[in-house]
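Data first, discussion second: the structure below is written as structure tokens.
Taken together, the values in this text are just the output of simple stated rules run on the coordinates, not laboratory data. Source: prediction; values computed, not measured. Using ideal geometry, Cβ is built from the backbone for each residue, glycine included, and neighbour counts are taken over all protein chains shown.
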């Protein structure tokens, strides 16, 4: 192992819940935010209680709350990942065309999505790895086109170790130049005109060790 | 006297032809009208094109319709959902055709169909594989893809309450695609948990007015499951 691999091996990556919690912590009061399938839906459990952030689910829920207690489940109320959720006081339901009018009409401040790959120019891919792998776009293209900002919550590397943060995506794109920030299990990275800018890293990780597992060049935050 | 409530599933399914485009409400299994799907299996129509958000869960509802070989093609946004075992097997064997459509484009194409709008421009999918071959036009410096209205021959939907005029309410997130699909098909059939007297529904809560609905069947089955 090289020195960078040793550094990486010595630090504890953030869990899926910790990734979601970090992103939740960074959402300003008053934001309307859609949560996508995967790590993003976990975010509903980590919005600080004193902060009013209004969460939307593509299946027609505005004002989505955290996971219900086992004895208080509404079996007609699910999120994008088809898991039970709650409705906060002030929440509302709408049908799909209205839900996507919210999404496509530019009314959301932010959407938080999962991704297979993201590029330093903000392109990202999260719907298809191959034609035989059941391409599944869901609402991702609508969200990327309609929300004012896109954050991605994802693992830093694939199971085979390949970097998911790339110079250019190799999988079919979901949207061009849309992603603004990436939260991974290793770091929080902004996507700027200069490319990937590292804002934060897991404790013990070095910039050089992070670069070692990242395909695209990283830049230090000022 | 108008009475859209039918007493048997056979009456509800009357006239559905082979090769029909069937719009199927639901998001996963929530709001998916399983009783109507079983009615359709019993009725026997085949070579169907089914439009639904997902491609079936386990072996129930839509998955069962595919399993018994009635579906030629599925149009959906997200087949890779919880337990799509039946679809996966058919897809890998090349025995079912898949068209993937962005979820919002799918909803809006049906809304357009129901509202007399033949086509519309949307920024969704610009520059991606799903926009290939479609007309692109620029408005105010941004590019948009032309999408056409999407009509169904039949819509099968699930409601919470209905009256004899087929005014419908929904329960929580089970509303999803049901109201928009009701507007986009030549024949709309609803199953409902509850039947109420005409005048018994709060007009402010009627999400689908009866003008969009042709037949209603009373199916009080209790609570849905997500698997």
Quiz item: By counting other Cβ atoms within 10 Å of each Cβ, how are A:191, B:117 ranked from fewest to most?
Solution: B:117, A:191
Quiz item: Cα gyration tensor of chain B, axes a ≥ b ≥ c as square roots of the eigenvalues: rounded (a/c below 1.5), prolate (a/b > b/c) or oblate?
Solution: oblate
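Among A:166, A:201, what is the fewest-to-most ranking by other Cβ atoms within 10 Å?
Going from sparsest to densest Cβ surroundings: A:201, A:166.
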Self-check item: C-alpha long axis of helix B:103-115 to longest principal axis of chain B, angle in °
Solution: 60
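On average, how many beta carbons from a partner chain sit within 10 Å of the beta carbon of a residue in B:175-183?
Counting other chains' Cβ atoms within 10 Å and averaging over B:175-183 gives 5.
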Exercise. Would you mind telling me the antiparallel percentage of the DSSP bridges in chain A, rounded to 5?
Key: 55
Quiz prompt | chain B: angle of helix B:34-43 to the longest principal axis, Cα-based, in degrees nearest 10 | solution = 90
Quiz item: Label 7 Å along Cα→Cβ of residue B:41; region B:181-199 residues with amide nitrogen under 17 Å?
Solution: none
Quiz prompt | Distance between modelled label sites at residue A:162 and residue B:72, nm, 7 Å Cα→Cβ extension | solution = 3.7
Self-check item: Share, in percent, of DSSP beta bridges within chain B that are antiparallel, nearest 5
Solution: 30
Quiz prompt | Segments B:140-148, A:112-120 sorted - mean Cβ within 10 Å per residue, highest first | solution = A:112-120, B:140-148
Exercise. Please give the direction-averaged projected area of the C-alpha convex hull for the protein assembly as shown, in square nanometres with one decimal.
Key: 23.1
Quiz item: Can you give me the Cα centroid spacing of region A:31-109 and region B:6-30 in angstrom?
Solution: 30
Quiz prompt | Inter-chain Cβ neighbour average for residues B:166-174, partner chain, 10 Å | solution = 5
Exercise. Express the relative contact order of chain B as a whole percentage, based on alpha carbon pairs under 8 Å and six or more residues apart in sequence.
Key: 24
Practice problem: State the Cα centre-to-centre distance between region B:149-225 and region A:174-222 in whole Å. | Solution: 48
Quiz item: Where both residues lie in the protein assembly as shown, what percent of DSSP beta bridges are antiparallel, nearest 5?
Solution: 40
Quiz item: Once the Cα atoms of helix A:16-25 and of chain A are each reduced to a long axis, what angle between those two axes, in degrees from 0 to 90 to the nearest 10, is obtained?
Solution: 70
Quiz item: Once you average over the residues of A:60-69, how many Cβ atoms of partner chains fall within 10 Å of each Cβ?
Solution: 2
Quiz prompt | Ranked A:100, B:151, criterion: other C-beta atoms within 10 Å, fewest first | solution = B:151, A:100
Exercise. With a/c under 1.5 counting as rounded, go ahead and sort region A:73-222 into rounded, prolate or oblate using the C-alpha gyration tensor (a ≥ b ≥ c being the square roots of the eigenvalues; past the cut-off, prolate if a/b is larger than b/c, else oblate).
Key: prolate
